[in-house]
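Asker: Below is a structure I'd like to ask you about.
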Amino acid sequence: MYRDIAALSDVGPTRVPDPFLIPPSSEPLSRSAINIRLRAYALESFGSLENVHAVVGSYFQTIHQRATIVHRPNFLKCLPTILVSATADYVTLCLCMQLLLQQPVANSRGMQSSLYANVKSTLGLLEALNYQSLEVVQSRLLCVFYEMGHGILPAASISLATCSKVARSMNLNKINAAPDVLEEERKRTWWMLLNLDRFLSVISGDPMLCTRDPNIDDTYPIDDDLWLQDVAPLPSTASATARTSYDVRVGQLARECQASQLAGKVIRHVFDPTPDTCFQEQEALQLERTLMALMPLLIEEELQFGNYCSAFGICAKYVHVGGDDPALWGGTLMIGSALFVLHDSMGHNGTGGSDDRALDAMEPLSHRITQFATRLFGTGQDLNYGTFSPYVPLSLYQAAVVQIRLWMRSGDAAYSENLLALKHILQFHSRRWMVARVYLRALDDDEPLLIPHELGNRDVLWNVNSEVGVNEQRFQT
């Protein structure tokens, strides 16, 4: 649909001007001067206003579905002025959308492209000029999303910590009731930050979160479709809270919030345990029961509606009607990761049993993820890689690690076949997210860890073309 997306989004040598070599001067920088400079840079980076519209259109059709924090109708109202009168924070948000469309190419060793470096410099420039706006926070979050998905660590955690401070300075953490679409956008931005905080903590094994746990009466984001209808005022009954039962259907981001709250409890339990072994054992069992109670619900809803892929991957996510669309399978997966981590810790610290007991507990989850992934991603043909969630590769990797351990314990060839299937599906994801290549390399270790905490230091060279065919380096739209 968008004819120049490949040229605009692929990582490689491109003519990218550097607008940040500002000549030394005793005069303070002015916002108006930076606005002009960034608009000029946007023209060089995008090439034309037509290309700006193409990139933004592709963003909203693809990765926006994994991070629904920008209100599309309001955002598009300002787009025609991006090269004429737009402010630096709005231009930066457009550049971050362009950045998120970048995808790995064959033999890429990393995703620190020239555009990525310039976006990071732009964010620092806005910070120096004390820009505090919703667009700044959203830009930083999209940058975190990019870093997380491409395994640029610990940069992702550092970026998120800065983002949380900016968001708190704007009181985004204090928004509860959202009577209109703007307040709802601010609330959704804060919740997205909170969710990314917990997912990155699972990856890093660091219990020090940048965001506080929500209160029991804090309201979740409303359903995406209702929000985009631009209804004013928003219905007060549309938002669920932490008190809402898991069997009540909620929106995609709301389900992800439920999952991340449970993941936060697992993070503290596993990575910051109390010295009271009795309490640890009781809490582990309670967390296990809660997570396992949510899993069947998410699986059933995923099969019926295709709605909860990221939540299943965080713990397990909610997306929309079309249950067999693999692009939507990102939420059924932060509960899966949390369960893997919890069971692994129970086996290693003696809480609840031995290593064999933990492995036995992880086997059904690993098997279910293998079945789901095989069903949804199949042979890799006709997949819309642009909508793949960066949450998913971790759960696929963890399921593969469990299959390796089961295979080593029993020698059953079925586990070897499952492992090969999961590796093949990770190779599909490596076309979109570099972190999937990191996990593939980690699976070649003698005894791969359930969470490869040193993944940010790995050499991730992986020739995708030799494994899964030619990468078209283009989003299907």
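The values are calculated or read from the model by the stated rules, or taken from the named source; none is laboratory data. What you see is a predicted model, and the numbers here were worked out from it, not measured in a lab. Here the Cβ is made from the backbone with ideal geometry for all residues, glycine too, and neighbour counts use every protein chain on show. Note: accessible area is taken over every heavy atom of the protein model, side chains too, but ligands, DNA and RNA are not part of it. Shrake-Rupley method; radii C 1.70, N 1.55, O 1.52, S 1.80 Å.
Asker: So if I check each of ARG431, ARG405, ARG409, which one is open to solvent by 20 Å² or more (accessible area, probe 1.4 Å), within 21 Å of PHE145 (Cβ to Cβ) and at pLDDT below 95?
Answerer: Values: ARG405 fails: within 21 Å of PHE145 (Cβ to Cβ); ARG409 fails: within 21 Å of PHE145 (Cβ to Cβ).
Just one listed residue meets the conditions, ARG431.
Asker: Sticking with this one: Can you tell me which of ILE216, ILE203, ILE267 is modelled with pLDDT under 90 and open to solvent by 30 Å² or more (accessible area, probe 1.4 Å)? It would help to see each step written out before you state the result.
Answerer: Details: ILE203 fails: open to solvent by 30 Å² or more (accessible area, probe 1.4 Å); ILE267 fails: open to solvent by 30 Å² or more (accessible area, probe 1.4 Å).
That would be ILE216, the only listed residue that is modelled with pLDDT under 90 and open to solvent by 30 Å² or more (accessible area, probe 1.4 Å).
Asker: If you don't mind, there's one more thing I want to ask. Which one of the conditions (1) within 19 Å of PRO393 (Cα to Cα); (2) in a helix (DSSP H, G or I); (3) β-branched (Val, Ile, Thr) does VAL166 fail to meet, given that it meets all the rest?
Answerer: Status for VAL166: all satisfied but (1).
Asker: Restricting attention to region 52-104, report how many residues are in a loop (DSSP other than H, G, I, E, B) and either closer than 18 Å to MET148 by Cβ or open to solvent by 10 Å² or more (accessible area, probe 1.4 Å) (or both).
Answerer: We begin by selecting, within region 52-104, every residue in a loop (DSSP other than H, G, I, E, B); these are 62, 67-71, 82-87, 101-104.
With either closer than 18 Å to MET148 by Cβ or open to solvent by 10 Å² or more (accessible area, probe 1.4 Å) (or both) added as a condition, the list becomes 62, 67-70, 83-85, 87, 101-104.
Looking only at that region, the number is 13.
Asker: Among the residues of region 175-200, count how many are open to solvent by less than 50 Å² (accessible area, probe 1.4 Å) and either hydrophobic (A, V, I, L, M, F, W, C) or within 17 Å of GLN252 (Cβ to Cβ) (or both).
Answerer: Selection size over region 175-200: 18.
Asker: Considering only region 119-130, I want to know if a residue exists there that is part of a helix (DSSP H, G or I), farther than 30 Å from LEU29 by Cα, aliphatic (A, V, I, L, M) and under 20 Å from the mean Cα position of the chain (by Cα). Outline the logic, then answer.
Answerer: If we filter region 119-130 for residues that are part of a helix (DSSP H, G or I), which is where we start, we get 119-128.
Pick out the ones that are also farther than 30 Å from LEU29 by Cα and you get none.
Within region 119-130, none of the residues are part of a helix (DSSP H, G or I), farther than 30 Å from LEU29 by Cα, aliphatic (A, V, I, L, M) and under 20 Å from the mean Cα position of the chain (by Cα).
Asker: Then there is this: Looking at region 137-159, can you tell me whether even one residue there is surrounded by fewer than 19 Cβ atoms within 10 Å (Cβ to Cβ) and touching a Lys or Arg at 6+ places or on another chain (Cβ under 7 Å)?
Answerer: no
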